[in-house]
1. How far is helix 282-292 tilted off the main Cα axis of the chain, in degrees rounded to 10, range 0 to 90?
2. By how many degrees, between 0 and 90 and to the nearest 10, does the Cα long axis of helix 226-248 differ from the longest principal axis of the chain?
3. Using DSSP loop states and a limit of at most 16 other Cβ atoms within 10 Å to flag chymotrypsin sites (Phe, Trp or Tyr not before Pro), what is the longest stretch of the chain containing no flagged site?
4. Say a site is exposed when it is one of the GluC sites (Glu not before Pro), sits in a DSSP loop, and has at most 13 other Cβ atoms within 10 Å; what is then the longest site-free stretch of the chain?
5. Measure nothing fancy, just the Cα-based angle from helix 78-97's long axis to the longest principal axis of the chain, in degrees from 0 to 90, nearest 10.
6. Pick out, from Gly159, Met399, Ala97, the residue whose Cα sits farthest towards the positive end of the charge dipole of the chain, with +1 on the Cβ of Lys and Arg and -1 on the Cβ of Asp and Glu.
7. Relative contact order for the range 230-329: what is it in percent, counting Cα pairs under 8 Å that are at least 6 residues apart?
8. Hey, rough spin-label estimate for Asn100 and Glu135, points 7 angstrom out along Cα→Cβ, what's it come to in nanometres?
Amino acid sequence: MQHPTQKNETSKKVASAVAAVSSFLTPFTGAAINIALPAIQREFAMNALLLGWVSASFLLSSAMFLVPFGRIADIYGRKRIFLTGITLFALFSLLSALANSTLTLLAARLLQGVGAAMIFGTGVAILTSVYPPQERGKALGINVAAVYTGLSLGPVLGGILVHQFGWRSIFLAVTLLSAGAVILALWKLKGEWAEARDEKFDLPGAFIYALSLPALMYGFSALPAVAGMLFIAAGVLGLILFVRWELRAQSPLLNMALFRKNTVFTFSNLAALINYSATFAVGFLLSLYLQYLKGLTAQAAGATLVWQPAVMALCSPFAGRLSDRTEPRIVASVGMLLTTCGLLLLAFLSAGTPFWAIIAVLILLGLGFALFSSPNTNAVMSAVEKRYYGVASGTLGTMRLTGQMFSMGITMLVFALYIGKVQITSAYYAPFLAAVKSAFLIFAVLCAGGIFASLARGKMR
């Protein structure tokens, strides 16, 4: 019979393993599917708009349900919602692999995003529940490393799978990995965490939130069209209505006191939003730059870009441990500063920039994001009571997804201003490069503002 201490250690290791697998799966799937999009387009004869929805449908449904499922997990049990989410993720990955039309693939991807929302809203919360504060940074660092390992391996393994077995093999591989995580969690992960068990679920608030956020995110992606502005206006009005409702609700979906009375929580989430807004489009922009202006193949461009997520994966555990021993806001702010420097250097790109310089900047960005992400996650989760872990995890995930869409919105807006609605051919390389440099300059300024948001959170220790 296991000693209680041994049982606790086993539970922590299993929780860490299950959370790491689930954290690996979602970025891996997204990165691999981006490689597979041309093959999917050929099979289903999709137009560009529908092809974009193969990725966007997943992002939108994930964002819509993140905070609601985080709250449901706090009330009904994090393990229960996590298991449901990873099971749905496996099921709809399989249905994606078996899709025989555009409609069925988009529907499967939409529902796969719902499963991902359950995972996002609970995985980090379970880790935070299992690990004591003095060990939390290390556990979260390993989890963040799993995310960037998925981002690193996605383009490489995705390309191999598509080339050897076709695009459906990506979804089949994800199905098998997800099923393995389900089996491990059912077999070894003991206990349940539901510190808000007796509280009610705010259904009206969830409804308003689930309509407002996708409107806002879609609006940014549709700029500078009038429809984009209308969607942004509708999204902003919806979020204002959501905040007003939550301030009056007896059992709010999102306790606004977490923001009004908790400086660490508020500014840590704001820092995350700014960081993702400033960094998500880097891979997109550099991929186009390397292929258009440098003449690299997609495979060679992917091999160059892998430096950033690889450094993130290697350094995240170290950054997590560092935040256990020193003030998280200092570590995270240094990471934001390094990221700002990297973005500023990219604003000086030219057609003749040597490859070693590009790789050096990617390494700098990878180190900066690793130093920011793990300590910032640690700060968010350590700033709230146990019964709000699910909501805190979901809120942080929402900051990530909203930031990603905002980053692409800025990029598309800059492209529209500099290039217009044309294909990027050699005749448009000059305005394309100007757009890329302008985007990186905007991101650098945005990230510089994030340094102040990171420092403003105040001391935790």
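1. Its long axis makes an angle of about 20 degrees.
2. Long axis of 226-248 versus the principal axis of the chain: about 10 degrees.
3. Result, exposed sites excluded: 1-200.
4. 193-384
5. Roughly 30 degrees, rounded to the nearest 10.
6. With unit charges placed on the Cβ atoms, the residue in question is Met399.
7. Across the range 230-329, relative contact order equals 10 percent.
8. It is 5.1 nm.
Computed from the coordinates by the stated procedures, all read-outs in this text should not be read as laboratory data. Everything numeric in this text was worked out from a predicted model, so none of it was measured. Using ideal geometry, Cβ is built from the backbone for each residue, glycine included, and neighbour counts are taken over all protein chains shown.
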